[in-house]
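Shown next, in structure tokens, is the structure this report addresses.
Coordinate-derived values only; no laboratory data. These figures come from a predicted structure and were not determined experimentally. All Cβ positions, even for glycine, are placed from backbone atoms using ideal geometry, and neighbour counts span all protein chains on display.
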Amino acid sequence: MAKIYITELANKGAAESGAGIEVAAVPPLAEQTVSVAGASAQSAAFNASTRFVRIATDTPVNLAFGANPTATVSTLYMPSGSVEYFAVTGGMKVAAIQGT
């Protein structure tokens, strides 16, 4: 079954000097998997401390973010095999529907 893989993250990484760098600080706060098909499917609500998510997909998908999101074929598109980072707030969810 097609899936999206969600990694919830709180912070960016830091160099030894303390300067912020553009990498994800691990370990993640939480990880989720959402099965994707022809109807919109929602994730669980993100952790209260989540500030950005890494989403990987093994199929083309359309995504929507919010408190109660519904993905449609006209919302944000991710091609199969892609990985993207998104800034979010705690309590939000992501919804996904299989794209073409």
*In the neighborhood of Phe46, defined by Cβ-to-Cβ distances under 11 Å, what is the net charge if each Lys or Arg adds +1 and each Asp or Glu adds -1?*
+1
_Residues whose placed amide H lies under 5 Å from that of Arg51, excluding near-sequence neighbours_ = Leu9, Ala10
*P(r) of segment 3-98 over all Cα-Cα pairs, binned every 5 Å from zero, in whole percent*: 3, 15, 24, 24, 17, 10, 5, 3, 1, 0
*Which net charge results for the neighbourhood of Thr59, defined as the other residues with beta-carbon distances under 15 angstrom from its beta-carbon, given Lys and Arg at +1 and Asp and Glu at -1?*
-1
_By average C-beta atoms within 10 angstrom, highest first, the peptides 50-60, 69-79, 16-26_ = 50-60, 69-79, 16-26
